[in-house]
Amino acid sequence: MNDLALAMEVMERVLELNIGIAQAQNDEAFRLFGTLHPLKIIRFPSDSEHNGWVVPRDWVVRSATIRSRGKVLFDGAGHPMAVAGYSTSFKGTLTKEELAPHIFTRPDQPDAYPFHCIYNYRPWVQHWGFCVPHNEYTTWPEGPYEIDLETEYRPGSMAVAQIHHPGELADTVVFNAHTCHPCQANDDLSGVIAILLLFRKLQRRKTRFSYRAVLGPEHLGTVFYLRDLSEHERKNIKGGIFVEMVGSSGPLVLQQSFHGDSFVDLMAEHVLRQAQPDLKIGAFRTIVGNDETVWEAPGIEIPCISISRWPYPQYHTSADNMEIISGERLLEAVGVLEAMVDILETDRTIERRFTGLVALSNPAYNLYVERPDPVVAKTLSESDLKLGALQDRLPRYFDGRHTIFQIAHQFGIPFAGEHGLRRYLERFAEKGLVRLEPLQTLDIYAEPRGCAS
């Protein structure tokens, strides 16, 4: 079975589980994830608290019926999303007007269960409710309604999975996705699977830098994970990428980090624009909100971008199922993540080994890129034109401080590929004109440089 087929099988099986923040069936979900890549599981007991965040207890629905005149209209025990998250028990008879505030529907997805998760993160609030397909709710009689909702809160734990792929250097990039949405394939099972597929690829190669995956409940998982991470380990994490909703149709979208100019911002934009010239980019927290706020929180301040296919109509409903997941789209997202890793692994600083102007057209070098000529007809690609326009300035960047990627991104030239800047400068190295040095730290991307565009 190939990697994608195995991944799709894992997705289908996890979708059958009643997962959440501290649900008992999370263990089975993480076991299934572990068939794609070995995981280190870190546990945080229920009722643990940090900065006001509280790990909830394992929440179990024992019975959840709504009757009218003895007839069962709705049985919420039949689907993991049919009872509003962390509802308390309630028994009583209500009018339709009294029941209405406790019924949640999505008229725009009328045959689906909506996902009510607000109180999953507020276990101190007493509330109850039912999540009902809108078309079903509209058929209900006027009432009265007999409610029999019995739930139980049991001591449990929140699981967070970690993968650490060590490189030659401790500088680390983290990939993050959440694991707490039951019966939803795109949000964010697709992000989890994309990261696991990426790390299946990474485990087959030696890398210069280190890479880490953190898979856990939205916000809470990352909050407690970072709480217990040593300051040394935290400082080694130089950038983060939150991956979600990447398996459905629609283009990939980039949400920037807090400052918007980190190396993960620039590399994601560079890679994504190769396939999507009209790439949509939004500032921090203007497209979709997730754990980037945790990574970017005061005192932590790790630049974190988000890559998604937001929006999509089935969001936060049971219609977010395997029918909207495309293996091709999922692999496209994995390819973007891998291309970013490839830039980090193959980027180099450039040190000049000559003085003065070099005749690049001389057969001894054969490095000249043809320019337009009003007299001589030439067939030049867009890449030729961009590289040709840059070549007279390019040697000034051979100062040991600039990297190939920085120059490529600044001037809109592809980094990789046969016609990319990396291959062009490798030819300079082959002629002894420059020395290309592997990066010693990811901090080089934050250092000021002298040459202007």
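Results, tabulated for the structure shown:
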quantity	calculated
Intensity falloff of the stretch 82-238 expressed as log10 I(q)/I(0), Debye formula with alpha-carbon point scatterers, at q = 0.19 Å⁻¹	-1.18
Using distinct alpha-carbon pairs, which all enter the 1/r mean, Kirkwood radius of the stretch 127-199 in Å	17.3 Å
Whole-percent pair-distance distribution, where bins are 5 Å wide, for the alpha carbons of the stretch 58-154	3, 14, 26, 27, 19, 9, 3, 0
Sequence-distant aspartates and glutamates (8 or more away, or on other chains) whose Cα lies within less than 13 Å of LYS40	ASP27
Which of TYR315, TYR153 has the fewest Cβ neighbours within 10 Å, and the rest in rising order	TYR153, TYR315
The chain: relative contact order in percent, alpha carbon pairs under 8 Å with at least 6 residues between	15 percent
THR35-LYS431 FRET efficiency (beta carbon distance; Förster radius 45 Å; 0.05 resolution)	0.40
Stokes-Einstein D in µm²/s, Kirkwood radius over Cα pairs - the chain at 4 °C with 1.567 mPa s viscosity	53 µm²/s
Rg/Rh (Cα only; Kirkwood hydrodynamic radius) as it applies to the stretch 1-79	1.12
Rh by Kirkwood over Cα pairs, then Stokes-Einstein D for the stretch 347-446 at 0.890 mPa s and 25 °C, µm²/s	173 µm²/s
Per-residue Cβ neighbour rank within 10 angstrom, fewest leading, MET1, MET11	MET1, MET11
Whole-Hz couplings from phi, Karplus 6.51/-1.76/1.60, listed for the stretch 54-60; x for Gly and Pro	10, 6, x, 8, 5, 10, 10
Trypsin sites (Lys or Arg not before Pro) within the stretch 282-389, DSSP loop, no more than 14 other Cβ atoms inside 10 Å	ARG353, LYS378
Surrounding net charge for ARG13, when Lys and Arg each add one and Asp and Glu each subtract one, Cβ distance under 15 Å	-4
Simple spin-label estimate for GLU28 and ASN2 in nanometres, 7 Å along Cα-Cβ	3.0 nm
For the stretch 34-117, with +1 on Lys and Arg beta carbons and -1 on Asp and Glu, the positive-most of SER63, MET81, PRO38 along the dipole	SER63
Cross-link reach list, aspartates and glutamates versus LYS71, counting only Cα pairs under 16 Å and skipping chain neighbours closer than eight places	GLU136, GLU142, GLU146, ASP148
Eligible lysines near LYS386 by straight Cα distance, threshold 21 Å, same-chain separation 8 or greater	LYS378
Per-residue HN-Hα couplings for the stretch 397-403 [Karplus 6.51, -1.76, 1.60; θ = phi - 60°; Hz; x = Gly/Pro]	8, 8, 10, x, 10, 8, 9
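Read-outs: derived from the displayed coordinates by stated rules, not from any lab. None of the values given here were measured: they were computed from a predicted structure. Virtual Cβ from ideal backbone geometry, glycine too; neighbours counted across all protein chains shown.
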